[in-house]
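Okay, so here's the structure we're looking at.
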Amino acid sequence: MEKKTGLILLITSVFFLYFISEACLRCAAVANINPEKVKLDTILNDLPESVRDLVTYRVMYTDLRNNLEKAETEQEKLSALAQLGDYTRDAEEKEQIFSRLREKYPSAPEASFAFVYYFLNENNPKKIGIPEFQRYLNTFPQLERYNVWAMAINKMVQLKLSDRERLDFMMPLLDMRPEYRDYSVFYTEMVRLASKLGLSNTANKADGLIDDSRLCPSITEVVMEREMKAEAEKGKKGK
Amino acid sequence: MFAIALLTLKRVREPAFFIFLGIATVLAYTVSGLDPISQQLNSESIFAQVVDAGRSTLPLLSASFVMFIISAVLGGFLGAAEIPRDISSDLILILLSKPIRKISYMLGKYFGMLVLCIFLYVASLIVIFLAHWIHSGELYSFLLMLKQLYLILAFLPFCGMIIMISCYTGELAAMVVSFFYLIFSLSFSFVPIAIAMLPKGVAGYAGGFVFILYYFFPNFIFYFQDFKMFGLVSLMLLIYSVSLSIIFLLIAVGRLETMDYSKNSDV
């Protein structure tokens with residue numbers, strides 16, 4: 001009995017000393033660091049890989065949450081909310097954000113993240129099929145539509161859908177006249193897929209549209225031009 | 001206990017020890033010309049700032065740092081095989097049939113291994129100091145040489161860790177597991193410092209979880225940090241080393257007390 005009590009006393013005191021000394025040494029080590037000299041990337045690089053991923057996620061997540069709180073206009077709020085929904089690993093939170101975006105702001109380009117999330121999502125009762133998604137795509141002008149196309153095609157690649165299914169999904173692109181150079185990427189992909197599947201008519205039509213789209217301005221050019229015009233107008237009003 | 005320690009120290013006569021000592025001294029001579037460790041690192045890195053915070057004028061030499069690691073690895077290789085070899089050769093049964101308690105046996109092994117590691121490290125330091133004297137014509141200051149000896153404290157938990165692991169595994173496995181445990185320990189050493197540097201609230205539950213994991217490993221970064229020669233940090237370093245060693249040794253004793261030696265015998 002005495003031996004047991006002695007052992008318990010020894011273990012308790014040893015652990016007590018260990019935690020006290022560890023805490024003191026940790027404080028001393030942290031006090032050695034000048035926070036102004038340390039960058040976030042440096043801190044993350046010093047963490048073990050498994051921990052780094054976890055902490056990077058928390059940093060990014062907090063950043064996105066802060067962005068949402070700081071957002072002033074409705075567009076900023078929607079954009080921050082969509083980014084948060086896309087980034088979060090919490091399935092419940094993701095569903096909540098995307099469901100809200102889809103139901104309340106279906107016409108906002110920022111809500112496209114939500115539509116892409118539900119697109120071909122077999123495990124979700126609110127799944128969006130190909131025809132419905134194609135109808136959704138047509139609600140946007142070509143400038144906004146480009147990103148939605150790109151996200152949807154990427155999702156199909158991630159889901160490892162067949163070449164035929166991907167090509168069928170992209171078919172509406174053949175019925176429109178491209179207004180931006182960026183669309184040539186989709187037509188190039190269509191030519192590749194159609195040639196692989198032996199659909200020469202589709203391949204030729206897409207090839208022709210590659211040439212058409214290359215004569216158009218790029219989305220970045222157009223957006224920059226618009227922004228410059230808006231700034232110039234702001235300047236005029238200010239005067 | 002003393003007799004068991006002497007038994008371990010008899011390994012000094014083995015050719016393997018001479019080979020390790022030779023490797024250590026040659027390496028010590030090779031790295032003796034390196035600048036202090038703080039000048040070798042990117043000043044923005046956390047490690048560089050922990051090592052050199054301008055608190056002390058006595059820097060940790062890169063050569064000492066390298067030789068500490070080399071001595072730990074070589075000493076670890078020698079020490080990790082001690083207990084598993086005694087068990088597989090049934091020597092432990094003979095020893096424990098004498099009036100020797102298991103705790104004395106284990107402490108003997110621990111101190112034997114500690115002396116081997118310290119011997120390798122001190123021999124390397126002597127070579128480093130002599131090489132500096134030969135090259136520059138002057139000796140390092142006494143306090144600077146004394147500062148390098150602080151790393152000896154790190155051998156206390158290190159040897160305890162090796163002894164603990166070797167109570168659970170075979171000869172080769174003990175070496176491999178010890179090596180990986182050491183790597184994980186070094187990797188996790190940055191965790192509390194890095195988390196303390198993160199913006200508030202960022203680490204969250206992840207930080208708590210990582211901290212729990214962190215407590216399963218000794219933090220060797222503490223031994224390399226910049227501190228005044230005689231102060232609170234050096235006292236805490238001593239308490240940390242001793243308490244951690246006792247924790248490791250208690251786990252090892254627990255294992256020795258409950259072990260069925262006949263099952264592990266090769267005879």
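Only the coordinates and a few stated rules stand behind these numbers; no lab work does. None of the values given here were measured: they were computed from a predicted structure. Positions of Cβ are generated from backbone atoms using ideal geometry, with glycine treated the same way; all protein chains shown enter the neighbour counts.
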*asked:* Can you order the peptides A:72-85, B:74-87 by their average number of other Cβ atoms within 10 Å per residue, highest first?
replied: B:74-87, A:72-85
_Amide H of B:Ala81 versus every other amide H placed in the peptide plane: which residues, excluding those fewer than 5 positions away on the same chain, fall under 5 Å?_
none
*What number, in percent, do you get for the relative contact order of chain B if the mean sequence gap of Cα pairs under 8 Å and at least 6 apart is divided by its residue count?*
28
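What ranking do B:165-178, B:145-158 get when scored by the average of other Cβ atoms within 10 Å per residue, highest first?
Numbers: B:165-178: 19.1, B:145-158: 20.9.
Put in order of decreasing packing, that is B:145-158, B:165-178.
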*Taking amide H positions as placed in the peptide plane 1.01 Å from N, state which residues far from A:Ile128 in sequence (5 or more) or on other chains have amide H under 5 Å from it.*
A:Phe119, A:Leu120, A:Asn121
*Label points 7 Å out from Cα along the Cβ direction at A:Arg52 and A:Ala232: separation in nm?*
4.7
*asked:* Could you derive backbone 3J(HN,Hα) for the range B:144-158 from the dihedral phi with the Karplus parameters 6.51, -1.76 and 1.60 (θ = phi - 60°), listing whole Hz in sequence and x where the residue is Gly or Pro?
replied: 5, 5, 5, 4, 5, 6, 4, 5, 4, 4, 5, 6, 4, x, 4
_Can you tell me the orientation of helix A:74-87 relative to chain A, as the angle in degrees between its alpha-carbon axis and the longest Cα principal axis, to the nearest 10?_
70
*About its Cα centre, what dipole magnitude does the protein assembly as shown give when the only charges are +1 on Lys and Arg Cβ and -1 on Asp and Glu Cβ, stated in debye to the nearest 20?*
860
*Hey, what number do you get for the protein assembly as shown at 222 nm if only DSSP H runs of n ≥ 4 count, each worth -39500 (n - 2.57), divided across all residues, to the nearest 500?*
-23500 deg cm²/dmol
*Mind listing the phi-derived Karplus ³J(HN,Hα) values for the range B:185-190, rounded to whole Hz, using 6.51, -1.76 and 1.60 with θ = phi - 60°, and x for any glycine or proline?*
4, 5, 5, 6, 4, 7
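To the nearest 0.05, how large is the calculated FRET efficiency for A:Leu159 and B:Val26 if R₀ is 41 Å and r is the Cβ-Cβ distance? It would help to have the intermediate numbers written out before the result.
Numbers: r = 59 Å, r/R0 = 1.44.
After rounding to 0.05, the efficiency reads 0.10.
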_Using a 10 Å cut-off around each Cβ of peptide B:229-240, what is the average number of partner chain Cβ atoms that fall inside?_
4
*asked:* I need the Debye-formula profile for chain B: one equal scatterer per C-alpha, no solvent, reported as log10 I(q)/I(0) at q = 0.08, 0.12, 0.14 1/Å, two decimals.
replied: -0.36, -0.79, -1.03
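What full-extension length gain, to one decimal in nm, is calculated for A:Ser99 and A:Lys126 as 0.36 nm per residue of separation minus the Cα-Cα distance? Don't skip to the end; give the middle numbers.
Details: separation 27, 0.36 × 27 = 9.72 nm, distance 0.88 nm.
Answer, rounded to one decimal: 8.8 nm.
Counting only other chains, and only Cβ atoms inside 10 Å, what mean value do you get across the residues of B:213-219? Show your work: numbers first, answer last.
On the way: counts 3, 4, 3, 0, 0, 2, 4.
The mean count of partner-chain Cβ atoms within 10 Å per residue comes to 2.
Would you please put A:223-231, B:13-21 in order of how densely packed they are, using the mean number of other Cβ atoms within 10 angstrom per residue and starting with the highest?
On the way: A:223-231: 10.4, B:13-21: 13.1.
Sorting A:223-231, B:13-21 by mean packing, highest first, produces B:13-21, A:223-231.
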*asked:* Which one, A:Ser200, A:Val55, A:Phe16, projects farthest toward the positive side of the charge dipole computed for chain A from Cβ point charges (K/R +1, D/E -1)?
replied: A:Phe16
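Dipole size in debye (nearest 20) for chain A around its Cα centre, Lys and Arg Cβ +1, Asp and Glu Cβ -1?
Numbers: 35 positive and 37 negative charges, 32 e Å.
The dipole magnitude comes to about 160 debye.
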_Tilt relative to chain B, helix B:232-258 - C-alpha long axis, 0 to 90 degrees, to 10_ = 20
